[in-house]
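The values are calculated or read from the model by the stated rules, or taken from the named source; none is laboratory data. Small disclaimer: the values here were computed from a predicted structure and weren't measured. Note that each Cβ is placed from the backbone with ideal geometry, even for glycine, and that neighbours are counted across all protein chains shown. The area values use the complete protein model at the heavy-atom level, side chains included, leaving out ligands, DNA and RNA. Shrake-Rupley method; radii C 1.70, N 1.55, O 1.52, S 1.80 Å.
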Amino acid sequence: MLTLTIDGIEVKVKEGSTILDAAKEAGVDIPLLCHHKMLHPFGACRVCLVEVEGSPKLMTACTTPAADKMNIFTQTEKLQRVRKTAIELLLINHPLDCPVCDKGGECTLQDLTFEFGINDERFDAEPNDTPVDHSNPFIERDIDRCVLCGKCVRICDEVVNIQAISFQNRGTDTIIGTSFDQPWHCEYCGQCMSVCPVGSLNNRVYLFKNRPWNLESTYSTCGFCSCGCTVVVDHQDNEVFRISEDPEAGINHGFLCAKGRFGFELFNSTKRKSKPMIKGKSGFSEKEYTDAIDFSADKIVKIKEEHGPESIGVIVSPRLTNEEAFLAQKFGRDVIGTKNIYSFETADALPEGTYEDVENSDYILVLNNDVTESNPILGLAVRRAARHNPAKLNVFYSKYTALRRVSSEFIKDNPKKIYEEIDDLVSTVESGKGNYKAMAEELSKAEKPVVIYDPYARKDIEFAKRLKNSVNNLITVPCKWKNNSQGIADMGCVNGLKPGYKEAEKGEGLREALETDKLKALIVFGENLATKAEFKDLTGSFKKLDFVMVSDPFFSESAELADVYLPVATFTEKDGSFTNLEGRVQQIFKAVEKGLPTDADIIGDLSAKLSKELPRDIESVRDMIKKENKLYSSINFDGEVISYPYLFAEDIKDEKMELASTGKYYLAPASLRLHSGSYTRHSPDLSKVYSEAMLEINPEDAKALNVEEGEYLAVKVGDMTRKYKVNIDKHVDKGTVFLPNDYNETAAVFHKGRYLKVDLVKHEA
Ligand code: SF4
Ligand code: SF4
Ligand code: SF4
Ligand code: FES
């Protein structure tokens with residue numbers, strides 16, 4: 001340990017600490033501009049200068065290593081003068097347009113100017129008048145306001161690892177830009193914008209819509225994917241104006257993805273209905289909430305009396321909170337009395353690893369998925385570990401992903417070959433025999449190995465299970481998909497499993513029940529069955545049902561098939577909790593009121609009509625969960641990680657890779673960073689960038705098929721043909737094409753199989 005004195009306060013810090021670390025330890029504030037705790041020190045702005053006894057020069061606190069017995073002064077008159085000059089120099093070319101700058105009120109330069117009492121301009125300079133750049137769909141770039149702190153460049157390099165932007169030119173001509181001034185194509189994560197201390201990088205979705213001092217901030221958990229990022233919902237008068245981050249809160253260190261940061265306009269969408277709708281002979285008509293509840297309850301009672309409780313099924317979506325999901329299965333099992341509780345989530349693979357395990361790992365294996373698209377913040381953790389630990393990273397996939405730059409080996413081939421290669425690796429690990437001896441040896445010798453896999457394909461689960469059985473200390477991380485994919489399974493919303501994975505009598509499978517007309521009614525909480533490949537062929541059979549009720553924040557394709565549609569609150573409009581891909585239970589808090597019920601309200605009101613009261617307030621529901629779900633018995637729903645009773649279902653073994661069709665090209669399911677199923681497609685901003693399901697294809701294949709970017713290809717599988725816009729991507733393996741799954745437009749294709757061989761032909765738009 002080093003002992004030093006800061007402004008007369010003695011502190012002890014670890015070897016390798018900076019003067020800034022020591023000042024923090026002493027509780028002394030030093031002004032900062034270019035420093036960020038997650039980035040390497042840079043020393044660009046000089047506002048953190050300090051005096052060190054015995055040193056003729058002033059030192060930058062953020063970059064200077066602390067040394068034993070240093071005596072440091074941070075608040076002398078000389079320092080105030082020099083820091084003030086450093087800020088005045090930054091202001092020479094900085095336009096004084098604070099009244100119309102979106103950063104006004106939360107700008108570090110503005111705060112420092114005020115703090116140092118700068119009220120006139122000592123230096124003359126021609127103001128720049130560079131046009132504002134709008135080539136990034138989410139981020140406005142005004143280079144005249146840039147103070148060249150380098151935070152944006154460093155975060156895009158050190159954290160996102162994309163290096164989309166860099167310093168260009170030299171001296172007074174230095175700017176931040178893209179290579180060769182190309183349009184700004186990147187991951188659109190907005191990390192650069194979030195660290196920009198001035199109004200040089202601005203949020204285009206929020207631009208000129210409000211001022212920060214008008215906004216109230218509610219901390220919550222993102223409701224899009226299962227990463228479980230802490231978000232700050234900034235709102236006024238029941239409208240969400242911005243989603244921002246807090247680097248000090250949550251597991252995401254203040255990092256967000258494009259969906260979480262820029263998709264928020266969907267909450268304010270005018271397409272959302274304000275009243276329930278009941279279908280009559282001439283179509284849907286708006287009704288009062290109580291009428292829709294009475295109507296639904298009467299139907300449920302009647303169908304139950306006529307056909308028995310097993311004629312009714314309940315489907316639960318991962319958009320529901322843990323509390324709502326628990327109530328939904330209770331409503332099905334105890335209030336209606338049916339065993340038919342369904343969701344599209346899996347209990348075959350449960351979480352084991354945390355972000356900390358990934359970040360501290362020395363060996364990461366990513367099997368057959370693009371974690372940077374499906375679970376962006378987990379993807380960032382992998383990149384950080386590979387870049388900074390550095391962990392060995394090996395990836396097997398049919399497309400080069402953003403992990404390629406930091407991977408030791410990236411095995412890319414068609415999906416069938418990828419499965420064979422993974423099988424080869426796993427067999428080599430198991431028996432020592434195979435073609436991956438070096439990789440298998442490294443994996444076996446690693447101290448903190450991690451495998452990241454897709455839990456929605458049984459073959460992938462099988463690989464993870466076999467590796468877990470053969471590699472000491474291996475931590476398995478299933479890439480669960482949606483915000484509460486894990487939580488609804490934990491809450492017993494899987495056929496045959498009660499809360500806490502307690503066995504329950506299994507209901508008829510949803511497919512069998514629909515095909516054999518055993519089901520007469522479906523109560524659908526938040527799920528959009530039209531996007532589900534498994535049931536694409538069965539949505540027509542909904543018409544045969546006596547009653548379908550659908551709740552959803554949007555009037556979805558499934559809602560169109562219903563008899564009763566109930567618009568409900570989104571995650572910004574309710575309280576509760578989600579369980580993320582680590583098995584971490586985190587709270588969500590209501591930020592805005594839209595006058596819409598939650599799914600918990602609907603369940604409570606329907607239950608009351610069916611003469612059985614279920615609790616309505618969160619605390620009572622949580623008490624029930626604690627009693628009935630052993631896994632949650634001692635948690636306080638505020639960030640603890642669940643310890644699961646098993647990692648893999650027992651019956652996962654020797655799964656076959658499905659390839660149901662024949663054709664020239666392999667077709668594989670793609671995850672998208674900008675969308676997760678039907679929900680985010682209601683965001684006008686995300687949809688501007690990715691508006692429809694596109695077919696990703698290698699340039700050579702596109703050339704052979706005579707198609708250009710933006711033209712259309714027909715996918716032929718068996719007797720079915722569907723056309724998709726072409727997205728040419730050199731990272732895709734030649735001979736393989738990708739389509740997003742969980743899309744209404746692609747569900748029919750993937751209904752034929754998760755992996756297919758298809759034919760492609762050019763098609764008119
Ligand atoms: S949005 Fe993300 S990927 Fe794009 S330049 Fe900024 S930090 Fe880099
Ligand atoms: S754009 Fe912002 S973050 Fe980037 S160098 Fe300029 S001031 Fe710093
Ligand atoms: S990574 Fe997932 S949880 Fe995090 S901001 Fe993006 S969508 Fe939300
Ligand atoms: S904060 Fe230390 S030089 Fe900028």
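About the centre of its Cα atoms, the chain shows a dipole size close to 1300 debye [charges on the beta carbon of Lys, Arg (+1) and Asp, Glu (-1) only; nearest 20 debye]. Normalised radius of gyration (Cα atoms, divided by 2.2 N^0.38 Å) for region 1-61: 1.09. Against the longest alpha carbon principal axis of the chain, how many degrees, from 0 to 90 and to the nearest 10, is the axis of helix 77-91 turned? On a 0 to 90 degree scale, this one is about 60.
Across the chain, Cα pairs under 8 Å and at least six residues apart give a relative contact order of 12 percent.
Using the Karplus relation 6.51 cos²θ - 1.76 cosθ + 1.60 with θ = phi - 60°, the per-residue 3J(HN,Hα) values for region 57-71 come to 9, 6, 10, 7, 5, 6, 10, 7, x, 6, 10, 4, 6, 4, 10 Hz, with x marking Gly and Pro.
Would you work out if region 221-358 is rounded, prolate or oblate? Take a ≥ b ≥ c from the square roots of the eigenvalues of the alpha-carbon gyration tensor; rounded if a/c is under 1.5, else prolate when a/b is larger than b/c, oblate otherwise. In terms of gyration-tensor shape, oblate. Summing Lys and Arg as +1 and Asp and Glu as -1 over all other residues whose Cβ lies under 14 Å from the Cβ of Ala26 gives a net charge of -3.
Of the chymotrypsin sites (Phe, Trp or Tyr not before Pro) in region 640-686, the ones in a loop by DSSP (not H, G, I, E or B) with at most 13 other beta carbons within 10 Å are Tyr646. Annotation for region 241-332: trypsin sites (Lys or Arg not before Pro) lying in DSSP loop with at most 16 further Cβ atoms inside 10 Å of their Cβ are Lys271, Lys281. In loop segments of region 65-174 as defined by DSSP, the chymotrypsin sites (Phe, Trp or Tyr not before Pro) with at most 10 further C-beta atoms inside 10 Å of their C-beta are Phe123. The relative contact order of region 419-564, computed from alpha carbon pairs under 8 Å that lie at least 6 residues apart in sequence, is 13 percent. If you take all other residues with their beta carbon under 9 Å from the beta carbon of Gly604, and give Lys and Arg +1 and Asp and Glu -1, the sum is -2. A 1.4 Å probe run over region 381-463, with the rest of the protein chains in place, finds 39 Å² accessible per residue. With distances taken between every two different alpha-carbon atoms, the chain has a Kirkwood hydrodynamic radius of 28.2 Å.
Taking a ≥ b ≥ c as the square roots of the eigenvalues of the Cα gyration tensor, an a/c ratio of 1.5 or more together with a/b no larger than b/c marks region 649-765 as oblate. Sorted largest first by accessible area at a 1.4 angstrom probe radius, with every protein chain in place, the residues Leu378, Leu89, Leu148 fall in the order Leu89, Leu148, Leu378. Along the charge dipole of region 148-206, which of Asn202, Ser179, Ile165 sits closest to the positive end, that is, farthest toward it, with unit charges on the beta carbon of Lys, Arg, Asp and Glu (+1, +1, -1, -1)? Ranked along the dipole, the leading option is Asn202. When the Cα positions of Thr354, Thr3, Pro309 are compared along the charge dipole of the chain, Pro309 comes out farthest toward the positive end, with charges on each C-beta of Lys, Arg, Asp and Glu.
In the full protein context, region 78-168 carries 48 Å² of accessible surface per residue, based on a 1.4 Å probe and ignoring ligands, DNA and RNA.
The magnitude of the dipole of region 415-554, with charges of +1 and -1 set on the Cβ of Lys/Arg and Asp/Glu and taken from the Cα centre, is near 80 debye. Working note: Karplus 6.51/-1.76/1.60 with θ = phi - 60° gives region 551-565 the couplings 9, 5, x, 10, 6, 7, 4, 5, 4, 4, 8, 7, 8, 10, 10 Hz, where Gly and Pro are set to x. Here the dipole of region 545-656 is about 360 debye; that uses its Cα centre as origin and unit charges on the Cβ of Lys and Arg (positive) and Asp and Glu (negative). What shape does region 365-434 take by its C-alpha gyration tensor, where a ≥ b ≥ c are the square roots of the eigenvalues and a/c under 1.5 counts as rounded, a/b above b/c as prolate, and the rest as oblate? Oblate, since a/c reaches 1.5 and b/c is not below a/b. Just want the answer: with Cβ charges of +1 for Lys and Arg and -1 for Asp and Glu, which residue in Asn136, Pro31, Cys107 is farthest toward the dipole's positive end in the chain? It is Asn136, whose Cα lies furthest towards the positive end.
Working value for region 49-124: equivalent-ellipsoid semi-axes of 30, 14, 10 Å, each the square root of 5 times a Cα gyration tensor eigenvalue, largest first. Amide H contacts of Phe589: Thr221, each under 5 Å away and 5 or more positions distant or on a separate chain (H built 1.01 Å from N in the peptide plane; Pro and chain starts excluded). Protein heavy-atom surface of the chain, 1.4 angstrom probe: 47% of the accessible area is carbon and sulfur, with nucleic acids and ligands not counted. Within the assembled protein chains, the solvent-accessible surface assigned to Ile162 is about 30 Å², based on a 1.4 Å probe.
Across Phe547, Phe284, the residue with the most accessible area heads the list, and the full order at a 1.4 Å probe is Phe284, Phe547.
The angle between the Cα long axis of helix 376-388 and the main principal axis of the chain comes to about 40°, on a 0 to 90 degree scale.
Our helix-only sum for the chain, with -39,500 (n - 2.57) per DSSP H run of n ≥ 4 divided by its residues, gives a mean residue ellipticity at 222 nm of -7000 deg cm²/dmol.
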